[in-house]
Amino acid sequence: NAKKSGKSKYMHYDPSMSNALENDHLLISHIKNAYENKEFTLHYQPQINAHTDEIIGFEALIRWYSKDFGYIPPDRVIPLAESTGLIIPIGLCIIEQSIQFALEMKKKFSSNFKVSINISVVQLLESNFEDELFERLERYHLDPRYIQLEITESVLIETSGTMIVKLNSIRDKGISISLDDFGTGFSSLTYLQKLPINEIKIDKSFIDEMLTDSKPAKLVDTILYLAKELNLNVIAEGVETKEQQDYLLDHGCSIMQGYYNSKPLPIEEVILFCEKRIH
Ligand code: C2E
Ligand code: MG
Ligand code: MG
Ligand code: MG
């Protein structure tokens, strides 16, 4: 359906272009050019402690406004980048941009926050992923505690144990690890036991339905209980209304990410957002 929303938005443009959106090969060649022409940018979505009203972090989200096709959503870009291997150089670019963003925010606001970077399993499977990451943190002199990696359960398709060793070495550096889209996919409790994670992100699908359906509401409560017992941070994703935020606060979840507080914003706007909240 990501495909559909991308298409319906830009259909009016020129029918041949929306066909292109459906055409993997054509889009792949454009992604390659887009990378070379530095057309990818990041938007940053604030993460808020609704209990204290503090901004505690930002999730970096890739944005591609193609000159030819208009906005192409990440759900379309990332899988194609993964299937071609382009995710490796693009992913490193995303890491560098995120580090530079963290440095800028640190200079401007000098508070405690983390920049969360989505990492594809294809990136993690690269043998030198962590070296490339550490090298960049050193090059830019950024304290690793400003960075968090968001991974999904799919990292455990790699069962050999090397993935866990790798994630451990990343965490030992002081980088946090968040388990994204928690509750979707194959959600086995084994993951919580095996993966060296600091945080779980309750998937938006639960937040969407928790006020209208008792099952997702109970699942949210259970996830919150689990997080508490396991000493993990927990964040709710896709919080769109005050009612949802109030419910979560009532049920012991203080950290929110979603349109209710802010959409993902380009860097200048995220700075304005912070200035308004802080002053
Ligand atoms: P995700 O990591 O689960 O990111 C959260 C998605 O939910 C983002 O969509 C964000 O814009 C959206 N969102 C946040 N709050 C709300 C809300 O209140 N309402 C609604 N309707 N949506 C909300 P986005 O930016 O389209 O990204 C989609 C997915 O693409 C991400 O899901 C992530 O899996 C992937 N992605 C995005 N950027 C990157 C990246 O730089 N690298 C990698 N590997 N994947 C990325
Ligand atoms: Mg994420
Ligand atoms: Mg998510
Ligand atoms: Mg998601």
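Quick look at the values:
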| read-out | value |
| --- | --- |
| Elements of type helices (runs of 4 or more DSSP H) contained in segment 53-169, each with 2 or more residues being over 19 Å from the mean Cα position of the chain (by Cα) and modelled with pLDDT of 95 or more | 87-109, 129-139 |
| Residue list for segment 211-267, filter: small (Gly, Ala, Ser) and under 16 Å from Phe182 (Cα atoms) | Ala217, Ala227, Ala236, Gly238, Gly258 |
| Hey, Asp246 touching a His at 6+ places or on another chain (Cβ under 9 Å), part of a helix (DSSP H, G or I) and open to solvent by 40 Å² or more (accessible area, probe 1.4 Å) or not | no |
| Members of segment 230-272 found to be within 16 Å of ligand 4 (Cβ to nearest atom) and either without any contact (Cβ under 8 Å) to a residue 24 or more places away in the chain or among the charged types (D, E, K, R) (or both), listed by number | Glu237, Glu240, Tyr259, Lys263 |
| Residues of segment 251-279 satisfying the condition of being over 17 Å from the mean Cα position of the chain (by Cα) and more than 23 Å from Ile200 (Cα to Cα) | Glu268, Glu269, Ile271, Leu272, Phe273, Cys274, Glu275, Lys276, Arg277, Ile278, His279 |
| Of all residues making up segment 250-272, the number that are closer than 26 Å to Leu219 by Cβ and either touching a Pro at 6+ places or on another chain (Cβ under 8 Å) or surrounded by 14 or more Cβ atoms within 10 Å (Cβ to Cβ) (or both) | 11 |
| Total residues in segment 200-229, condition within 12 Å of ligand 3 (Cβ to nearest atom) and either in contact (Cβ under 8 Å) with a residue 60 or more places away in the chain or not in a helix (DSSP H, G or I) (or both) | 4 |
| Lone qualifier among Asp246, Asp172 - being farther than 18 Å from Gly258 by Cα, modelled with pLDDT of 95 or more and more than 13 Å from ligand 1 (Cβ to nearest atom) | Asp172 |
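The values are calculated or read from the model by the stated rules, or taken from the named source; none is laboratory data. Everything quoted here is computed from the prediction, not taken from an experiment. Because the Cβ atoms are built from the backbone with ideal geometry, glycine has one as well, and the counts that use them run over all protein chains shown. In case anyone asks, the SASA skips ligands and DNA or RNA and just uses the protein heavy atoms, side chains included. Shrake-Rupley method; radii C 1.70, N 1.55, O 1.52, S 1.80 Å.
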